[in-house]
Amino acid sequence: MEITYENEIMTAFLKGEIDHHTAAPIRSEIDGKAESMRPHVLRLDFSGVKFMDSSGIGLIMGRYRQISLLGGSLEVVNIPKNLEKIISLSGVCSLGVVK
């Protein structure tokens with residue numbers, strides 16, 4: 001995962017698979033950087049994600065909560081076609097974060 005910060009937007013470029021084994025270290029890294037950088041927008045870029053289970057939904061929901069507590073907002077972008085259904089069925093779209 002790569003994280004960039006520009007114009008008060010922190011972008012996490014997620015890669016590979018997101019499951020219960022990989023979600024915890026991803027969460028820790030994003031949370032740590034968000035705490036120190038205090039971005040206005042936390043953007044999760046899913047363009048490099050090949051597979052995701054419910055742990056990926058948990059990752060999104062947890063980051064939504066965390067960035068909201070910091071006074072920012074979340075954007076989920078570049079969702080691959082093969083992940084659109086799980087994102088849609090999860091209800092994440094109703095939060096208004098999927099761009």
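Taken together, the values in this text are just the output of simple stated rules run on the coordinates, not laboratory data. This one's a predicted model, so the numbers in the text were calculated from it and none came from an experiment. Glycine gets a Cβ as well: all are built from the backbone with ideal geometry, and neighbour counts include every protein chain shown.
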What does the helix-only formula give at 222 nm for the chain: each DSSP H stretch with n ≥ 4 adding -39500 (n - 2.57), the total divided by the residues, and the result rounded to the nearest 500 deg cm²/dmol?
-13500 deg cm²/dmol
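Give me the net charge of residue 62's neighbourhood, meaning all other residues with Cβ under 11 Å from the Cβ of residue 62; Lys, Arg count +1, Asp, Glu -1. Don't skip to the end; give the middle numbers.
Numbers: positive: 27, 63, 65; negative: 31.
Around residue 62, the charge tally is +2.
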With the contact rule set at Cα under 8 Å and sequence spacing of 6 or more, what percent relative contact order holds for the chain?
28 percent
Just going by the charge dipole of the stretch 2-95, with Lys and Arg at +1 and Asp and Glu at -1 on Cβ, which of 67, 54, 36 is farthest out on the positive end?
54
Just subtract the alpha-carbon distance of residue 83 and residue 21 from 0.36 nm times their residue separation and send over the number in nm, one decimal.
20.5 nm
Which aspartates and glutamates have a Cα lying under 15 Å from the Cα of residue 85, excluding residues fewer than 8 positions away in the same chain?
53
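From the Cα trace of the chain, what convex hull volume per residue do you get, rounded to a whole Å³?
Numbers: hull volume 8.1 nm³, N = 99.
In the chain, the Cα convex hull volume per residue is 82 Å³.
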